[in-house]
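K.L.:
Got a structure for you, written out below as structure tokens; questions coming shortly.
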Amino acid sequence: MGARARKVNILEHELVPQHILLSEEEAKRILKRMGVSKLQLPWMLASDPVSKALGAKPGDVVMILRKSPTAGVSVAFRYVVRG
């Protein structure tokens, strides 16, 4: 008997923080408020499993929300690049 591969949605895994693909308008507004450009953000490869699950393409900005024992929620941003 052959084993069937079961697809798992990594975005639903308890150890993967919430990732949100921002629209171009949302990204521009947030980056302007932060006073930074996309290229100044930490990078996330388009080949990253989360990028693929989100459908993120190079040039997109992803917001990451992590639970934090001290801050409640920690917010981070990533710039999607080729790779």
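K.L.:
Enumerate the amide H contacts of residue 16 below 5 Å, restricted to partners 5 or more residues apart or on another chain; note that Pro and chain-start residues carry no placed amide H.
P.N.:
Amide H neighbours of residue 16, under 5 Å, 5+ apart: none.
K.L.:
Multiplying the sequence separation of residue 30 and residue 73 by 0.36 nm and subtracting their Cα-Cα distance, what value in nm do you get?
P.N.:
Working: separation 43, 0.36 × 43 = 15.48 nm, distance 1.70 nm.
Difference between extended and current length: 13.8 nm.
K.L.:
So which GluC sites (Glu not before Pro) in region 1-60 end up in coil per DSSP with only 15 or fewer other C-beta atoms within 10 Å? Write out the running numbers ahead of the final one.
P.N.:
On the way: sites: 12, 14, 24, 25, 26; in loops: 14.
Listed in order of number, the matching sites are 14.
K.L.:
Only sites in a loop by DSSP and with at most 15 other Cβ atoms within 10 Å count here; which trypsin sites (Lys or Arg not before Pro) in region 2-83 make the cut?
P.N.:
Values: sites: 4, 6, 7, 28, 29, 32, 33, 38, 52, 66, 67, 78, 82; in loops: 4, 6, 7, 82.
Loop-located and lightly packed - 4, 6, 7, 82.
K.L.:
Using Cα positions and a limit of under 20 Å, work out the lysines in reach of residue 52, with same-chain residues fewer than 8 apart set aside.
P.N.:
Within the straight-line cut-off, residue 52 pairs with 7, 38.
K.L.:
OK, next. Using the alpha-carbon atoms, what tilt in degrees (0 to 90, nearest 10) does helix 24-34 show relative to the longest principal axis of the chain?
P.N.:
Relative to the chain, helix 24-34 is tipped by roughly 50 degrees.
K.L.:
Something else now. What is the ratio of the Cα radius of gyration of the chain to 2.2 N^0.38 Å, where N is its residue count, to two decimals?
P.N.:
Working: Rg = 14.9 Å, N = 83, 2.2 N^0.38 = 11.8 Å.
With N residues counted in the chain, Rg over 2.2 N^0.38 Å equals 1.27.
K.L.:
Further question: Where does each of 13, 19 land when they are ranked from fewest to most other beta-carbon atoms within 10 angstrom?
P.N.:
Working: 13 9, 19 20.
Fewest-to-most Cβ neighbours within 10 Å comes out as 13, 19.
Values quoted throughout were computed directly from the atomic coordinates according to the rules given, and no laboratory measurement underlies them. Please read all numbers here as calculations on a predicted model, not as lab measurements. As a convention, Cβ positions derive from the backbone with ideal geometry for all residues, glycine included, and neighbour counts pool all protein chains shown.
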